[in-house]
Amino acid sequence: MEQHIEKFILSAESKALATYANGVLNVVPVSSIKIVNGKIWLINYFMDKTLANILKNKNVALVCWRKMIGYQIKGCVSYETQGENFDLAVGWIREILPERLVRGLIILEPQEIHDISPTKDTKEKFLNEHHD
(Lines give C-alpha, C1' and ligand atoms only; values in the text may rest on other atoms or scores of the structure.)
Protein backbone atom coordinates (compact mmCIF):
# COMPACT_ATOMS: atom_id res chain seq x y z
CA MET A 1 0.00 0.00 0.00
CA GLU A 2 1.40 3.38 -0.98
CA GLN A 3 2.28 5.79 1.81
CA HIS A 4 -0.18 8.49 0.69
CA ILE A 5 -3.02 5.93 0.88
CA GLU A 6 -2.03 4.99 4.42
CA LYS A 7 -1.96 8.68 5.40
CA PHE A 8 -5.33 9.25 3.76
CA ILE A 9 -6.93 6.30 5.56
CA LEU A 10 -5.67 7.50 8.92
CA SER A 11 -6.85 11.08 8.34
CA ALA A 12 -10.18 10.39 6.58
CA GLU A 13 -13.22 12.07 8.09
CA SER A 14 -15.47 9.08 7.43
CA LYS A 15 -14.82 5.34 7.39
CA ALA A 16 -17.17 2.40 6.91
CA LEU A 17 -16.65 -1.37 6.84
CA ALA A 18 -18.85 -3.61 4.69
CA THR A 19 -19.26 -7.33 5.34
CA TYR A 20 -21.40 -10.02 3.75
CA ALA A 21 -22.42 -13.53 4.78
CA ASN A 22 -25.43 -15.80 4.26
CA GLY A 23 -27.22 -13.19 2.17
CA VAL A 24 -26.80 -10.53 4.86
CA LEU A 25 -24.98 -7.33 3.92
CA ASN A 26 -23.84 -5.14 6.78
CA VAL A 27 -22.10 -1.76 6.80
CA VAL A 28 -20.90 -0.04 9.96
CA PRO A 29 -18.96 3.13 10.71
CA VAL A 30 -15.50 2.48 12.14
CA SER A 31 -13.40 4.82 14.21
CA SER A 32 -10.17 3.41 15.61
CA ILE A 33 -7.84 2.54 12.75
CA LYS A 34 -4.12 1.82 12.77
CA ILE A 35 -1.87 0.54 9.98
CA VAL A 36 0.80 -1.99 10.92
CA ASN A 37 3.11 -3.44 8.27
CA GLY A 38 0.69 -2.58 5.48
CA LYS A 39 -2.28 -4.21 7.22
CA ILE A 40 -5.21 -2.20 8.53
CA TRP A 41 -6.18 -2.76 12.15
CA LEU A 42 -9.81 -2.12 13.11
CA ILE A 43 -11.04 -2.42 16.68
CA ASN A 44 -14.20 -4.28 17.66
CA TYR A 45 -15.86 -2.49 20.54
CA PHE A 46 -19.49 -3.51 19.99
CA MET A 47 -19.82 -5.25 16.63
CA ASP A 48 -22.46 -7.96 16.36
CA LYS A 49 -23.58 -8.50 12.74
CA THR A 50 -20.15 -7.43 11.49
CA LEU A 51 -18.42 -10.01 13.66
CA ALA A 52 -20.89 -12.74 12.70
CA ASN A 53 -20.31 -11.94 9.03
CA ILE A 54 -16.50 -11.90 9.15
CA LEU A 55 -16.42 -15.19 11.03
CA LYS A 56 -18.29 -16.72 8.05
CA ASN A 57 -16.82 -14.67 5.19
CA LYS A 58 -13.36 -13.10 5.45
CA ASN A 59 -13.88 -10.82 2.41
CA VAL A 60 -14.65 -7.22 3.32
CA ALA A 61 -14.52 -3.70 1.92
CA LEU A 62 -13.39 -0.63 3.84
CA VAL A 63 -14.26 2.80 2.47
CA CYS A 64 -12.49 5.93 3.73
CA TRP A 65 -13.51 9.33 2.39
CA ARG A 66 -13.52 13.06 2.87
CA LYS A 67 -15.81 15.29 0.81
CA MET A 68 -15.61 13.85 -2.71
CA ILE A 69 -12.31 11.95 -2.48
CA GLY A 70 -11.37 8.63 -0.97
CA TYR A 71 -10.51 4.98 -1.31
CA GLN A 72 -12.22 1.63 -1.17
CA ILE A 73 -9.96 -1.12 0.14
CA LYS A 74 -11.05 -4.70 -0.52
CA GLY A 75 -9.35 -7.56 1.24
CA CYS A 76 -9.47 -10.47 3.62
CA VAL A 77 -9.59 -10.17 7.37
CA SER A 78 -8.50 -12.20 10.33
CA TYR A 79 -10.02 -11.78 13.78
CA GLU A 80 -8.00 -11.97 16.99
CA THR A 81 -9.07 -11.95 20.63
CA GLN A 82 -5.72 -12.89 22.14
CA GLY A 83 -2.03 -12.92 21.34
CA GLU A 84 0.64 -10.33 20.63
CA ASN A 85 -1.32 -8.23 18.09
CA PHE A 86 -4.40 -8.19 20.31
CA ASP A 87 -2.31 -7.13 23.32
CA LEU A 88 -0.73 -4.32 21.28
CA ALA A 89 -4.19 -3.17 20.16
CA VAL A 90 -5.49 -3.16 23.75
CA GLY A 91 -2.48 -1.09 24.85
CA TRP A 92 -2.97 1.37 21.97
CA ILE A 93 -6.66 1.86 22.78
CA ARG A 94 -5.92 2.19 26.50
CA GLU A 95 -3.75 5.22 25.59
CA ILE A 96 -6.29 6.97 23.34
CA LEU A 97 -9.70 5.79 24.63
CA PRO A 98 -9.18 4.36 28.13
CA GLU A 99 -12.91 3.97 28.76
CA ARG A 100 -13.37 1.58 25.80
CA LEU A 101 -13.29 -2.21 26.08
CA VAL A 102 -11.57 -3.95 23.17
CA ARG A 103 -13.54 -7.08 22.30
CA GLY A 104 -11.43 -8.04 19.31
CA LEU A 105 -8.99 -6.97 16.62
CA ILE A 106 -9.86 -7.14 12.93
CA ILE A 107 -6.78 -7.22 10.70
CA LEU A 108 -7.50 -6.38 7.07
CA GLU A 109 -4.96 -7.40 4.46
CA PRO A 110 -5.57 -5.17 1.41
CA GLN A 111 -5.93 -6.97 -1.92
CA GLU A 112 -7.50 -4.24 -4.09
CA ILE A 113 -7.50 -0.46 -3.66
CA HIS A 114 -9.86 1.71 -5.69
CA ASP A 115 -10.06 5.50 -5.95
CA ILE A 116 -13.71 6.41 -5.30
CA SER A 117 -13.56 10.08 -6.32
CA PRO A 118 -15.71 10.91 -9.38
CA THR A 119 -12.61 12.09 -11.26
CA LYS A 120 -10.29 9.36 -9.86
CA ASP A 121 -7.79 11.94 -8.61
CA THR A 122 -7.76 11.35 -4.85
CA LYS A 123 -3.97 10.94 -4.86
CA GLU A 124 -3.35 14.26 -6.62
CA LYS A 125 -5.84 16.20 -4.49
CA PHE A 126 -4.59 14.69 -1.26
CA LEU A 127 -0.92 15.24 -2.06
CA ASN A 128 -1.59 18.85 -3.12
CA GLU A 129 -3.18 19.48 0.29
CA HIS A 130 -0.37 17.71 2.20
CA HIS A 131 2.94 18.85 0.77
CA ASP A 132 5.01 16.44 2.83
Keeping all protein chains in position, work out how much accessible area residue 36 exposes to a 1.4 Å probe, and write it in Å² to the nearest 10. 40
Would you report the distance distribution of C-alpha pairs in the chain as whole percents per 5 angstrom bin, up to the bin with the largest distance? 2, 10, 21, 22, 20, 14, 8, 3, 0
At a 1.4 Å probe, what is the % contribution of carbon and sulfur to the accessible area of the chain? 51
Pairwise Cα inverse-distance average, inverted: Kirkwood Rh of the stretch 61-132 (Å): 14.5
Summing -39500 (n - 2.57) over every DSSP H run of at least 4 in the chain, dividing by its residue total and rounding to the nearest 500, the 222 nm mean residue ellipticity is -8500 deg cm²/dmol
Counting heavy atoms of the protein chains only and a 1.4 Å probe, report the per residue accessible area for the chain as a whole number of Å². 57
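The values are calculated or read from the model by the stated rules, or taken from the named source; none is laboratory data. Treat the numbers as computed from the prediction; the structure is a model and nothing was measured. Accessible surface areas use protein heavy atoms only, side chains included; no ligands, DNA or RNA. Shrake-Rupley method; radii C 1.70, N 1.55, O 1.52, S 1.80 Å.
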